[in-house]
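Asker: Mind looking over this structure? Questions follow.
The values are calculated or read from the model by the stated rules, or taken from the named source; none is laboratory data. These numbers were taken from a predicted model, which means no experiment stands behind them. Positions of Cβ are generated from backbone atoms using ideal geometry, with glycine treated the same way; all protein chains shown enter the neighbour counts.
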Amino acid sequence: MRGDLARVETPGLHVADARLQLADPVGPGLTGERSSERHRPSFEHAFEFGKSGRPPVPMSAARASLGRMCGRFAISDTPDDLVRVFDVDTVGEGIPGPNWNVRPTDPIPVVLESKKEGPVVRRLEAARWSLVPSFAKELKLPYPTFNARAEGAAKAGAFRASVASKRALIPADGYYEWHTVGKAKTPYFIHEPGGPLAFAGLYSWWRDRSKADDDPDRWHLTATILTTDATGELADIHDRIPVIVPPEFWSTWLDPDTRGDQSLVDAAVAASRPLVPTLDYYEVGPVNGEGPELIRPIER
């Protein structure tokens, strides 16, 4: 089966025109002007979905909640690749390189837009994968925040401020999910054959109040991935999937001048739906280590 990545329109999307000025630290040297015309990568590929010869996923007796999802993902792009694909203006320090087994609390590359004085700047930054809200007393929380359910995210205390004005794209080649039947767990790699994915993310700056104001380590950028209900064949593997933002929705999602609310999150979920059938998946071996061999298909 072949097909083109769908272009998504979101009629009826209404977002407030309130203009916000973020108080986030932008770091040393992070200046620049936003381009008036953003480059968008070409997605005029025909994708091979690979359904022939792929073993079917055994269906569970009931699709009960299998817990959190997207606890591991892979990214093979270098920071230079991401600058080109996402048309980034400025690059922060310590951007992690390729990693085929990204875990919660690992550093990850995130794309965001912010402004202090002047135009909006699109930035590539390194973030800790597990969002810590600014009001938290400690960086390590007693509950996991590497995923955020899209449903109700705008009302959740830990994520409400981030939905309003701190939204991000989290680049990935794909993610791992485990299909569970009884005590048996089978890992699958779920990916876009034609190029990198952009997960809908939220971010937050957390300040370590035990450190001095002039300590460069006092600020921590943290992030989470939004998830939604799985549909189609992917629902046979797990009941949740990450929200995938199509290129034509990147600017709307990132724009800090757009006051985010639940309608904007819902619009991102709606825009992601046509991308789900383009995803391919296959069984892989144990997800240990960090090398590219982790995404090698299991031959049956």
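Asker: Run down Pro96, Pro142 and say which single residue is surrounded by fewer than 18 Cβ atoms within 10 Å (Cβ to Cβ), under 28 Å from Asp229 (Cα atoms), free of Cβ contacts under 8 Å to residues at least 40 places away in the same chain and out of contact with any Leu (no Cβ under 9 Å at 6 or more places or on another chain).
Answerer: Details: Pro96 fails: under 28 Å from Asp229 (Cα atoms).
Being surrounded by fewer than 18 Cβ atoms within 10 Å (Cβ to Cβ), under 28 Å from Asp229 (Cα atoms), free of Cβ contacts under 8 Å to residues at least 40 places away in the same chain and out of contact with any Leu (no Cβ under 9 Å at 6 or more places or on another chain) holds for just one of Pro96, Pro142, which is Pro142.
Asker: From the list Ser251, Ser272, which residue is over 27 Å from Glu117 (Cα atoms) and in a helix (DSSP H, G or I)? Write out each step before concluding.
Answerer: Details: Ser251 fails: over 27 Å from Glu117 (Cα atoms).
Checking each option against the conditions leaves just Ser272.
Asker: For Asp255, only one of the following conditions fails: (1) under 17 Å from Arg122 (Cα atoms); (2) at pLDDT below 95; (3) surrounded by fewer than 21 Cβ atoms within 10 Å (Cβ to Cβ). What is its number?
Answerer: That leaves (2) as the condition not met.
Asker: Ok, one more. If Lys166 passes every condition in (1) crowded, with 17+ Cβ neighbours inside 10 Å; (2) of a type in the set (Lys, Arg); (3) without any contact (Cβ under 8 Å) to a residue 12 or more places away in the chain but one, which one does it miss?
Answerer: (3)
Asker: Moving to a separate point now. Which residue out of Asp236, Asp217, Asp229 is more than 22 Å from Ser165 (Cβ to Cβ), surrounded by fewer than 20 Cβ atoms within 10 Å (Cβ to Cβ), under 17 Å from the mean Cα position of the chain (by Cα) and not hydrophobic (A, V, I, L, M, F, W, C)? Give the steps one after another, and end with the answer.
Answerer: Details: Asp236 fails: under 17 Å from the mean Cα position of the chain (by Cα); Asp217 fails: under 17 Å from the mean Cα position of the chain (by Cα).
Being more than 22 Å from Ser165 (Cβ to Cβ), surrounded by fewer than 20 Cβ atoms within 10 Å (Cβ to Cβ), under 17 Å from the mean Cα position of the chain (by Cα) and not hydrophobic (A, V, I, L, M, F, W, C) holds for just one of Asp236, Asp217, Asp229, which is Asp229.
Asker: Can you say whether Val265 is at pLDDT 95 or above, farther than 17 Å from Ala161 by Cα and of a type in the set (A, V, I, L, M, F, W, C), as far as the supplied structure shows? It would help to see each step written out before you state the result.
Answerer: Details: at pLDDT 95 or above: yes; farther than 17 Å from Ala161 by Cα: no; of a type in the set (A, V, I, L, M, F, W, C): yes.
No.
Asker: Something else about it: Here is a check on your reading of the model: is Ile244 over 26 Å from Val88 (Cα atoms), in contact with a strand residue (DSSP E or B) (Cβ under 9 Å, 6 or more places away or on another chain) and surrounded by 15 or more Cβ atoms within 10 Å (Cβ to Cβ)? Reasoning before the result, please.
Answerer: Details: over 26 Å from Val88 (Cα atoms): no; in contact with a strand residue (DSSP E or B) (Cβ under 9 Å, 6 or more places away or on another chain): yes; surrounded by 15 or more Cβ atoms within 10 Å (Cβ to Cβ): yes.
No; evaluated as a whole, the condition is false for this residue.
Asker: Yes or no: Thr180 in contact (Cβ under 8 Å) with a residue 60 or more places away in the chain, assigned to a loop (DSSP other than H, G, I, E, B) and touching a Leu at 6+ places or on another chain (Cβ under 7 Å)? Talk me through it step by step, then tell me what you get.
Answerer: Details: in contact (Cβ under 8 Å) with a residue 60 or more places away in the chain: yes; assigned to a loop (DSSP other than H, G, I, E, B): no; touching a Leu at 6+ places or on another chain (Cβ under 7 Å): yes.
No.
Asker: For the stretch 258-289, which positions are basic (Lys, Arg) and crowded, with 19+ Cβ neighbours inside 10 Å? So that I can check it myself, show each step before the final result.
Answerer: Just the residues of the stretch 258-289 that are basic (Lys, Arg), to begin with: 259, 273.
If the condition is that a residue be basic (Lys, Arg) and crowded, with 19+ Cβ neighbours inside 10 Å, then no residue fits.
Asker: So which pairs qualify, if the first residue must be in the stretch 271-300 and in contact (Cβ under 8 Å) with a residue 60 or more places away in the chain, the second must be of a type outside the set (Ser, Thr, Tyr) and in a helix (DSSP H, G or I), the Cβ gap must be under 6 Å, and the two must be at least 6 apart or on different chains?
Answerer: Pairs found: Ala271/Phe249; Val287/Leu294.
Asker: Ile241 - would you say it is assigned to a strand (DSSP E or B), within 30 Å of Val121 (Cα to Cα) and either without any contact (Cβ under 8 Å) to a residue 24 or more places away in the chain or not aromatic (Phe, Trp, Tyr) (or both)? Full working, then the answer.
Answerer: On the way: assigned to a strand (DSSP E or B): yes; within 30 Å of Val121 (Cα to Cα): yes; either without any contact (Cβ under 8 Å) to a residue 24 or more places away in the chain or not aromatic (Phe, Trp, Tyr) (or both): yes.
Taking the combined requirement at face value, the residue satisfies it.
Asker: OK, next. Mind listing whichever residues of the stretch 99-113 are in contact with a helix residue (DSSP H, G or I) (Cβ under 9 Å, 6 or more places away or on another chain) and either aromatic (Phe, Trp, Tyr) or surrounded by 19 or more Cβ atoms within 10 Å (Cβ to Cβ) (or both)? I'd like the intermediate steps shown before the answer.
Answerer: Our first condition is that a residue be in contact with a helix residue (DSSP H, G or I) (Cβ under 9 Å, 6 or more places away or on another chain); within the stretch 99-113, this holds for 100-101, 109, 111-113.
Selection gives Trp100, Pro109, Val111, Leu112, Glu113.
Asker: If you go through the stretch 193-238 one residue at a time, how many are part of a loop (DSSP other than H, G, I, E, B) and among the small types (Gly, Ala, Ser)?
Answerer: First, pick out the residues of the stretch 193-238 that are part of a loop (DSSP other than H, G, I, E, B): 193-196, 208-218, 230-231, 237-238.
Pick out the ones that are also among the small types (Gly, Ala, Ser) and you get 194-195, 210, 212, 230.
Looking only at that region, the number is 5.
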